[in-house]
Every structure is written in structure tokens, then in C-alpha cells.
Amino acid sequence: MKGVMRFERKGKLSPRYIGLYKVIGRVGQVAYEVDLPRELAAVHPVFHVSKLRKFLGDPTQVISIEGMEFSEHLSYEEVPVAILDRQVRKLRTKDVASVKVLWRSQNIEEAT
């Protein structure tokens, strides 16, 4: 379908799901139509059942779309707020530095 934007695959540390949306109805055997807000009007509202998850009441797992700026590919850029921890691991022939970063839209428990 020409002109319809779809979500793309994301990196392994990217959020997998956004928002809480009501299921309008079943379309075919394995697809459901979702009631999306106006901000996501460019996204096709029918999703395969594997892309949907039942909300179990943990609001920390939900990312609000308010304040997010979407590009034309419906992706967004996370902004680091602070570096919480630094560590250097020694491998056989080299040292690997790693840092724990607090991101703008996440809690301290979700820092990566």
C-alpha cells in the first residue's frame, strides 16, 4: 500500500511496545485492528497477533508517545541524561570499556 507508514525493526535495546491501545476488532484469522490516536494516523492500524501483547498492569513497561519526536520512518532518537557507572573488563588481549547510561525517557532501573 503506497503512502502507508509501518513500524520498522528496532535494535535489541530499543523499546518493543508503545502505548496502550484498544483492540477494535478481528481482521482475518491472525490480525487485529487497533484504535490508534491521531499522532499515529500514518501507521496502518491492522497488526499481526504476534506484534500485540496483553497489558498486565505494569506501567513501567509502557512508553508514552507524548514528547517523542518521530522521524518519517517512525523511529526516535534517545538522548542520554547521565552516565551512572563505568567499568573496564579485561579480555585476553584487550580491554573493553562499558558504561551504564540513564536515558531521557527511562527510569533509573531501566538504565542500559
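Brief remarks follow.
- Test: residue in the range 68-80 that is in a loop (DSSP other than H, G, I, E, B), modelled with pLDDT under 85, of a type in the set (Asp, Glu) and surrounded by 13 or more Cβ atoms within 10 Å (Cβ to Cβ): yes
- Screening Lys90 with (1) modelled with pLDDT under 85; (2) out of contact with any Asp or Glu (no Cβ under 7 Å at 6 or more places or on another chain) gives one miss only, at (1).
- Residue in the range 39-56 that is part of a loop (DSSP other than H, G, I, E, B), on the phi > 0 side of the Ramachandran plot, at pLDDT below 80 and under 18 Å from the mean Cα position of the chain (by Cα) present: no
- Taking the conditions (1) modelled with pLDDT of 85 or more; (2) surrounded by 10 or more Cβ atoms within 10 Å (Cβ to Cβ) in turn, Arg104 satisfies each one other than (1).
- Condition broken by Lys22, with the remaining ones in (1) surrounded by 11 or more Cβ atoms within 10 Å (Cβ to Cβ); (2) out of contact with any Phe, Trp or Tyr (no Cβ under 8 Å at 6 or more places or on another chain); (3) basic (Lys, Arg); (4) at pLDDT 85 or above satisfied: (1)
- In this entry, Lys2 passes the filter for residues that are more than 30 Å from Val101 (Cα to Cα) and at pLDDT below 80.
The values are calculated or read from the model by the stated rules, or taken from the named source; none is laboratory data. Just so you know, these numbers come straight off a predicted model, no measurement behind them. All Cβ positions, even for glycine, are placed from backbone atoms using ideal geometry, and neighbour counts span all protein chains on display.
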